[in-house]
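Report on one structure; see the data block that follows.
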Amino acid sequence: MSTFLELGLKEPINKALTDLGYEKPTVIQEKAIPQIISSIDDLKAFAQTGTGKTAAFSLPILQMADEASKNTQAIILSPTRELAVQIGNNIKEFSKYMPNIKVVTVYGGANIEEQIRGLKKGAQIVVGTPGRTVDLINRRALKLGNIEWLVLDEADEMLNMGFKDELDKVLEATPETKQTLLFSATFPREVEAIAKNYMTKPVEITSGQKNTGSDNVSHEYYLVSERTRYQALKRITDLNPDIYAIIFCRTRRETQEVADNLIKDGYNADALHGELSQAQRDSVMGKFRKKTVQILVATDVAARGLDVNSLTHVINHKLPDQIENYTHRSGRTGRAGKTGISIALVSNKEKGRIGAIERIIKKKFVHSKVPSGKEICQNQLMHLIDKVNSIEVKQSEIENFLPSIYEKLEGLTREELIQKFVSLEFNSFLSYYENARDLNDLSSRDTGRNGRGSNENMTRFFINIGRKDSLNPAKLIGLINDQKITNNIEIGAIDILDTFSFFEIDKKFEEQTLSAFADNQPEFSGRGVNIEITKKERGGGGRGKKSFGKKDGGFGRRRNSEKSSGGRRSEGSNRSRSSSRAGGDRPDRNSGSDRRPSGFGRKRRERR
Ligand code: AMP
């Protein structure tokens, strides 16, 4: 292993790196730095985030830049503002003992006049996002005629984001004599096309094996259904009290939904995606970096700008559309010598993609079971006990209070004290998971043991409101919760039809459910609500004959109109189905009482 000086870098750079705590070059730095310094050949580098690639391309540029000239000599393109700013800041740190080096970062969404003023003063190195760079070229504020180095960082992501035209324009505005350095974690066809069209016989280097995952990351997958995906996510989070994770989603909407649900459920989470304003994104990223936010739900692109080295987990809420992006995601954990876990939540349909990913990362996934409520409670309890063991007692600060506390607790034995203290912390948590179902039993959850979405532990109810009353699964769950049948009642399959619906309730609470609705006489969209137990042998879709004529306003008529579209239709048709735990695994929870117990997110928030 060489030193930075041995790679050919001068003392001012070496000194700055020492200040930053960079003791020795990373693999990509060891390969790229001497190559770029010693040769004018173009370079194609396979490098994932976290490998030290920013220094790999910027240190040789700093080494060779002409400090006496104010001309722009290097242009570095990066997909997002955050990443551009990060690169610009890194280069400023690397060049802190090179006073004549000026770096300007240009990006959209910020005052262009200010950026133009910065460029006019002269900057040897410009870092930019593709759109704003082209804008500045068009305004003749950015002159690329003297460019010696063009860096395309995260080239795959720039193309993913639709910057092909902008890249073409920048490439055309630069002289042929320049050295092009292309860094990408994946090399899909479009990136290869850029390399082919704009680079001359590039030298290829890699920061390890192409696309392979880091050795520090272990990979796990959990089998879920669409209905258990979010519940499984929460259980995995609950199993890991000190989790510090990014949950990756494919779309902005999915990202916002997952984050909103987690926040509602009392988790210390936030969303990061392109629909947020720049100020919002900066704020979220700042909080996540400081760990005041523990779980970041993000799109691939938005998360690129985040330089965080200590993630414990990366969770793929859904696998990325482009399987190669899995390496990008999982590479966010297991950095800087730490170990990390990359988790994929996959449905039976998506399971086949795990094999494809294994071939790319050259590692095997472990199939993990969604933890049971009991396992979670046990883990949390042990975690608490470990914390008790390791907590520092600030004697001087508490000693004044101790005598009266001892007095109050005088009558309790050691065992009783421990039991009370554990119960205080865990009663709410234990009851939260008390009726928790096995989420691994997908067959019974998805199709039901009788093939109609119900099982023998559940009772199926008819309810006289439906889609035409603006009912949806979340509202129905809310309505059931409002009846306060019991704490944490388990709600099974839900079928929303046009004018009536069905839901399942834990059989044990059959009677309480009937009487709660009868006593409360709830209304929904101006209609009186009533429920009845259905007879399962009817296939789960219809009510028992006995109650047929009793519904308000001629249920029979409506039922007839549903006949072809509802009652006889198979599961998985256009019925809106959902399955949830009231107060526990509900997808749409608003009431404070549904939040998870305070031993978790809330306390962590206070601590940090
Ligand atoms: P990058 O891949 O450029 O985003 O770098 C990932 C992280 O590694 C950043 O936090 C860098 O500051 C850090 N880093 C890069 N090179 C080194 C090095 N040689 N030694 C220690 N840390 C480094």
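The values are calculated or read from the model by the stated rules, or taken from the named source; none is laboratory data. Computed from a predicted structure; not experimentally measured. Cβ atoms come from the backbone with ideal geometry, glycine included; neighbour counts cover every protein chain shown.
Do you know which of the residues in segment 1-13 that are away from the ligand (no atom under 12 Å from the Cβ) and not hydrophobic (A, V, I, L, M, F, W, C) is surrounded by the fewest Cβ atoms within 10 Å (Cβ to Cβ)?
Once the filter is applied, the top-ranked residue is GLU11.
Cβ-Cβ under 8 Å, sequence separation 6+ or interchain: first residue in segment 376-393 and within 18 Å of ALA436 (Cβ to Cβ), partner basic (Lys, Arg) and surrounded by 11 or more Cβ atoms within 10 Å (Cβ to Cβ). Which pairs?
What qualifies is ILE376/ARG235.
All but one of (1) surrounded by fewer than 21 Cβ atoms within 10 Å (Cβ to Cβ); (2) in contact with a helix residue (DSSP H, G or I) (Cβ under 7 Å, 6 or more places away or on another chain); (3) under 24 Å from THR177 (Cα atoms) hold for ASP42; state the number of the condition that does not hold.
(2)
Does SER58 fit the bill of being in contact (Cβ under 8 Å) with a residue 24 or more places away in the chain and within 11 Å of the ligand (Cβ to nearest atom)?
yes
A quick yes/no check of all residues on (1) touching a Cys at 6+ places or on another chain (Cβ under 6 Å); (2) of a type in the set (S, T, N, Q); (3) without any contact (Cβ under 8 Å) to a residue 24 or more places away in the chain:
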| position | (1), (2), (3) |
| --- | --- |
| LEU181 | no, no, no |
| THR186 | no, yes, no |
| PRO202 | no, no, no |
| ASN240 | no, yes, no |
| GLY266 | no, no, no |
| ALA279 | no, no, yes |
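Got a number for residues in segment 484-512 being buried (at least 22 other Cβ atoms within 10 Å of the Cβ) and touching a strand residue (DSSP E or B) at 6+ places or on another chain (Cβ under 7 Å)?
Within segment 484-512, residues that are buried (at least 22 other Cβ atoms within 10 Å of the Cβ) and touching a strand residue (DSSP E or B) at 6+ places or on another chain (Cβ under 7 Å) number 15.
Looking at (1) closer than 30 Å to ALA155 by Cβ; (2) more than 16 Å from the ligand (Cβ to nearest atom); (3) modelled with pLDDT of 85 or more; (4) part of a loop (DSSP other than H, G, I, E, B), which one does GLY411 not meet, given that it meets all the others?
Every listed condition holds for GLY411 apart from (1).
Does segment 101-118 contain at least one residue that is crowded, with 21+ Cβ neighbours inside 10 Å, within 16 Å of the ligand (Cβ to nearest atom) and either over 18 Å from ALA302 (Cα atoms) or assigned by TED's automatic domain parsing to the domain that holds LEU182 (or both)?
The answer is yes, given that some residue of segment 101-118 is crowded, with 21+ Cβ neighbours inside 10 Å, within 16 Å of the ligand (Cβ to nearest atom) and either over 18 Å from ALA302 (Cα atoms) or assigned by TED's automatic domain parsing to the domain that holds LEU182 (or both).
Take the conditions at pLDDT 90 or above and within 16 Å of the ligand (Cβ to nearest atom) and apply them to LEU311. Does it pass?
Yes: the conditions hold for LEU311.
Pick out the one residue from GLY118, GLY21, GLY88 that is at positive phi and among the small types (Gly, Ala, Ser).
Selected residue: GLY21, the only one of GLY118, GLY21, GLY88 that is at positive phi and among the small types (Gly, Ala, Ser).
Identify, please: which residue in segment 61-83 is among the hydroxyl-bearing types (Ser, Thr, Tyr) and within 15 Å of the ligand (Cβ to nearest atom) and is, among those, surrounded by the most Cβ atoms within 10 Å (Cβ to Cβ)?
SER78
May I ask you to list the residues in segment 403-433 that are charged (D, E, K, R) and out of contact with any Gly (no Cβ under 7 Å at 6 or more places or on another chain)?
GLU407, LYS408, GLU410, ARG414, GLU415, GLU416, LYS420
Could you grab me the full set of residues in segment 366-417 that are surrounded by 10 or more Cβ atoms within 10 Å (Cβ to Cβ) and among the small types (Gly, Ala, Ser)?
Selection gives SER368, SER372, GLY373.
For segment 84-93: of the residues being of a type in the set (Val, Ile, Thr) and more than 23 Å from ASP168 (Cβ to Cβ), which is farthest from the ligand (Cβ to nearest atom)?
To start, the set of residues in segment 84-93 that are of a type in the set (Val, Ile, Thr) comprises 85, 87, 91.
Next, from what is left, pick out any that are more than 23 Å from ASP168 (Cβ to Cβ): 85, 91.
Numbers: VAL85: 13, ILE91: 11 Å.
By that ranking, first place goes to VAL85.
Identify the residue in segment 14-43 that is more than 11 Å from the ligand (Cβ to nearest atom) and touching a Leu at 6+ places or on another chain (Cβ under 6 Å) and, among all such residues, is nearest to LYS196 (Cα to Cα).
LEU43
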